[in-house]
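Report on the structure given below.
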Amino acid sequence: MNGIEKITQLIESDAQAEIDRILGDARDEAARIAAQYQGQADAEAAELAAKNEKAAAEREERLVSAAQMEARKVTLGAKQEMVEKAYIRALEKLCAMPDEQYAAVLADLLVQASSSGREEAVFSKEDRERVGKAAVEKANKASGKKLVLSAETQPIRGGFILKDKNVEVNCTFETLVRLQKAETAGAVVKKLFPEA
C-alpha cells in the first residue's frame, strides 16, 4: 500500500468514524426525543383514559339514576292503579250487597242525610224497584221522619239523592266512595303495600 492509499484509507476511516459517531448521536437523540414524545403520549393517553372513565362513570350513574326513577314511577303507577281498583271493588261490593242488608245501609244513610225529615229519595231505576220502598220505610220507622220515595230515577250505580225543593244531598255510592278515597287513600296504601 502506498502513501496515497494509506492517507485515503485513513481519511475514509476517519470519515466513517465521524459518520458512525454522528449517526450514533442522531440515533441517541432520536431515541431521546421518541422517549420524550412517547412519555407525553402515554401521559395524554392516561389523562384521556381517566377522563373517559370518569365520563363513563358519570353517564352510568345518570343512567342508573334515570332507570331507578323510571322504576319508581312505574311502581307508583302500579300502586295507584291497585288503590283505584280497591275503591272500584269497594263500590262494586256496596252495590252487590244482599237486598236486606242493602236496604238497611240505605235506610241508615237516609236517616243521617235527612235534615227536614220530609225529603224525597231518588234512586237508580234498578235500586228503586229492588230496595227503594223498603229503605225509605225502614228510615221512617227508625227515625220518625216522613221521607218519600221519588217517582223520579237517576242514572247512578248505588245510593240515592235526597231532594228537598231546591236542595239536593248527593248520597250516591260513587260520591261517598270518592269522598272516602280522599280521606282514606293513605291508610289503604299502607294496608295494600305494608313495605311502602
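Could you please find all residues in the stretch 133-143 being of a type in the set (Gly, Ala, Ser) and either in contact (Cβ under 8 Å) with a residue 60 or more places away in the chain or over 12 Å from Gly158 (Cβ atoms) (or both)?
Those that are of a type in the set (Gly, Ala, Ser) and either in contact (Cβ under 8 Å) with a residue 60 or more places away in the chain or over 12 Å from Gly158 (Cβ atoms) (or both): Ala134, Ala139, Ala142, Ser143.
Taking the stretch 104-152 as the search range and keeping residues that are assigned to a strand (DSSP E or B) and touching a Gly at 6+ places or on another chain (Cβ under 6 Å), which one is nearest to Phe173 (Cα to Cα)?
Once the filter is applied, the top-ranked residue is Phe123.
Would you mind finding the one in Lys125, Lys146, Lys181 that is at pLDDT 90 or above and either closer than 17 Å to Ala113 by Cβ or open to solvent by less than 70 Å² (accessible area, probe 1.4 Å) (or both)?
Within the list Lys125, Lys146, Lys181, the selection yields Lys146.
Condition first: assigned to a helix (DSSP H, G or I) and open to solvent by 80 Å² or more (accessible area, probe 1.4 Å). Now tell me which residues in the stretch 70-98 satisfy that.
Scanning the stretch 70-98 gives Glu70, Arg72, Lys73, Val74, Leu76, Gln80, Glu81, Met82, Lys85, Arg89, Lys93.
Which residue out of Ser13, Ser65 is assigned to a helix (DSSP H, G or I), open to solvent by less than 70 Å² (accessible area, probe 1.4 Å), hydroxyl-bearing (Ser, Thr, Tyr) and within 30 Å of Ala185 (Cα to Cα)?
So the residue among Ser13, Ser65 that is assigned to a helix (DSSP H, G or I), open to solvent by less than 70 Å² (accessible area, probe 1.4 Å), hydroxyl-bearing (Ser, Thr, Tyr) and within 30 Å of Ala185 (Cα to Cα) is Ser65.
Could you please find all residues in the stretch 153-196 being on the phi > 0 side of the Ramachandran plot and part of a strand (DSSP E or B)?
Answer for the stretch 153-196, where residues must be on the phi > 0 side of the Ramachandran plot and part of a strand (DSSP E or B): just Gly159.
Going through the stretch 123-156 one residue at a time, which ones are in contact with a strand residue (DSSP E or B) (Cβ under 7 Å, 6 or more places away or on another chain) and closer than 25 Å to Ala90 by Cβ?
Correct list: Phe123, Ser124, Lys125, Arg128, Gly132, Val136, Thr153, Gln154, Ile156.
Looking only at the stretch 69-98, count how many residues are among the β-branched types (Val, Ile, Thr) and closer than 19 Å to Arg178 by Cα.
2
The values are calculated or read from the model by the stated rules, or taken from the named source; none is laboratory data. Worth saying up front: this structure is predicted, and the values here are computed from it rather than measured. Positions of Cβ are generated from backbone atoms using ideal geometry, with glycine treated the same way; all protein chains shown enter the neighbour counts. In case anyone asks, the SASA skips ligands and DNA or RNA and just uses the protein heavy atoms, side chains included. Shrake-Rupley method; radii C 1.70, N 1.55, O 1.52, S 1.80 Å.
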